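Mind looking over this structure? Questions follow.
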């Protein structure tokens with residue numbers, strides 16, 4: 001089995017999902033879909049962007065980062081954010097194993113960088129996501 005075949009199998013295991021926000025696919029005229037690592041990155045971003053209670057059918061879904069708005073950019077705040085991110089991603093994104101989550105201060109005093117390193121379980125392929133978050 002070649003590496004390409006392994007990646008194809010892993011992408012099938014990862015699944016396919018609608019791109020959010022919804023938009024039409026130029027070629028088919030249907031809706032645009034995501035798959036593979038792109039789907040996982042989009043899923044992680046959705047988890048980070050969603051507040052618990054926002055989804056009516058799954059009220060516990062999400063990370064709840066908005067509760068950190070207007071908080072000081074301190075080690076304590078960043079550590080709490082890391083813990084919340086680890087908990088929510090461990091619960092809501094079963095296709096990956098987290099390697100590291102770091103929340104570091106940005107150049108702007110109100111900016112933090114959320115750096116998430118993970119491995120896709122289907123083929124142990126590493127990936128990472130850097131997500132900016134403004135506290136103010």
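All of the numbers you see were taken from the coordinates with simple rules; none came from a lab. All values reported here derive from a predicted model rather than from experimental measurement. Neighbour counts run over all protein chains shown; Cβ positions are idealised from the backbone, glycine included.
Go through segment 68-88 and give me each residue that's over 23 Å from residue 39 (Cα atoms) and touching a residue at least 12 places away in the same chain (Cβ under 8 Å).
68, 69, 70, 71, 72, 73, 77, 78, 79, 80, 81
Does segment 89-134 hold any residues that are farther than 23 Å from residue 38 by Cβ and without any contact (Cβ under 8 Å) to a residue 12 or more places away in the chain, and which are they?
The one that is farther than 23 Å from residue 38 by Cβ and without any contact (Cβ under 8 Å) to a residue 12 or more places away in the chain: 107.
Which one is surrounded by the most Cβ atoms within 10 Å (Cβ to Cβ) among residues in segment 60-76 that are over 18 Å from the mean Cα position of the chain (by Cα), on the phi < 0 side of the Ramachandran plot and part of a loop (DSSP other than H, G, I, E, B)?
73
Anything in segment 15-49 that is over 26 Å from residue 82 (Cβ atoms) and surrounded by 13 or more Cβ atoms within 10 Å (Cβ to Cβ)? List them, or say none.
15, 17, 18, 19, 32, 33, 34, 35, 36
Run residue 102 past the list (1) surrounded by fewer than 17 Cβ atoms within 10 Å (Cβ to Cβ); (2) out of contact with any strand residue (DSSP E or B) (no Cβ under 7 Å at 6 or more places or on another chain) and report the number of the one that doesn't hold.
For residue 102, the failing item is (2).
Right, something else. Of all residues in segment 87-107, count the ones that are over 15 Å from residue 133 (Cβ atoms) and outside any loop (DSSP other than H, G, I, E, B).
9
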